[in-house]
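Student: One structure follows; several queries about it will come next.
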Amino acid sequence: MKIKAFTILEMIINLALMSIIVSMVYVVYGYFSKNMTEYSLMTTENFEMASFNTRLKEDFYKADKIISTNGGKFTVIFYDETSVVYRQGEQYLYRENSITRDSIRSKGVTFTFLYSDLPKNSENLIKNVLVNAELYGNDVSLFAYKKYFSNYLNLKNEY
């Protein structure tokens, strides 16, 4: 009676082929896992930037007035007398209201004032803001502007 079986050489070749296949699957899985992690971080960073930009533009749109309190800080005052404060830190621009505090990595904020020659004791109204932010290690500019109604446009004539 003849027993059919694999020889030791066939088993070693089979083991070598299986180890090559398993190592290739492991390398592909590691590469795929790394790419998915990077993609997830990029998506999160992109969402945070878009969300902050939307909040900034929405605040400017809904605001009654936007005043500068000092060089790196401005306050958005709404019609119902609530406010949101934007403050430039060392590396971040912070958005603070009574409920939440948001931030975005920022390299600086530039203001353009409605009137540059108002007296020192008056409110210095901000016409637009340019935020120099960072996205994926690259510089990105966020821009928001405010259209004032005639009650603020006539403010200059009172002084």
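Student: So which aspartates and glutamates pass the test for LYS147, namely a Cα distance under 15 Å, with those fewer than 8 places away in the same chain ruled out?
Tutor: GLU58, ASP59, ASP64
Student: How far is helix 8-62 tilted, in degrees, relative to the longest principal axis of the Cα atoms in the chain, given as a value from 0 to 90 rounded to the nearest 10?
Tutor: 10 degrees
Student: How high is the relative contact order of the range 8-158, given as a whole-number percent (alpha carbon pairs under 8 Å, six or more residues apart)? Before the final figure, lay out each step's value.
Tutor: Values: 195 pairs, mean separation 23.6, N = 151.
Relative contact order comes out at 16 percent.
Student: Highest first, please rank the peptides 98-109, 83-94 by the mean number of other Cβ atoms sitting within 10 Å of their residues.
Tutor: 83-94, 98-109
Student: May I ask for the distance between the Cα centers of the range 42-74 and the range 3-21, given as a whole number of Å?
Tutor: Spelled out, the Cα-based centre of one part sits 65 Å from the other.
Student: Going Cα to Cα from LYS146, which lysines come in below 20 Å? Please leave out same-chain ones fewer than 8 positions away.
Tutor: Counting by Cα, and skipping residues close in sequence, LYS146 has these lysines nearby: LYS57, LYS62, LYS65, LYS73, LYS127, LYS156.
Student: GLU134 to PHE32: FRET efficiency via 1/(1 + (r/R0)^6), r the Cβ-Cβ distance, R0 22 Å, to the nearest 0.05?
Tutor: Once rounded, the FRET efficiency stands at 0.20.
Student: Which value, in debye to the nearest 20, describes the size of the charge dipole of the chain about its Cα centre when Lys and Arg Cβ atoms bear +1, Asp and Glu Cβ atoms bear -1, and nothing else is charged?
Tutor: 280 debye
Student: What is the local net charge at THR75, summed over the other residues whose Cβ is closer than 12 Å to its Cβ (Lys, Arg +1; Asp, Glu -1)? Don't skip to the answer; put the middle values down first.
Tutor: Details: positive: LYS65, LYS73, ARG87, ARG95; negative: ASP59, ASP64, GLU81, GLU96, GLU123.
Residues close to THR75 contribute a combined charge of -1.
Student: Continuing with this model, one more query. Nearest 0.05, what FRET efficiency do SER40 and GLU81 give at R0 = 41 Å with Cβ-Cβ as r?
Tutor: With R0 = 41 Å, the Cβ-Cβ based efficiency is 0.50.
Coordinate-derived values only; no laboratory data. Since the structure is predicted, the reported quantities are computational estimates derived from the model, not experimental observations. Neighbour counts run over all protein chains shown; Cβ positions are idealised from the backbone, glycine included.
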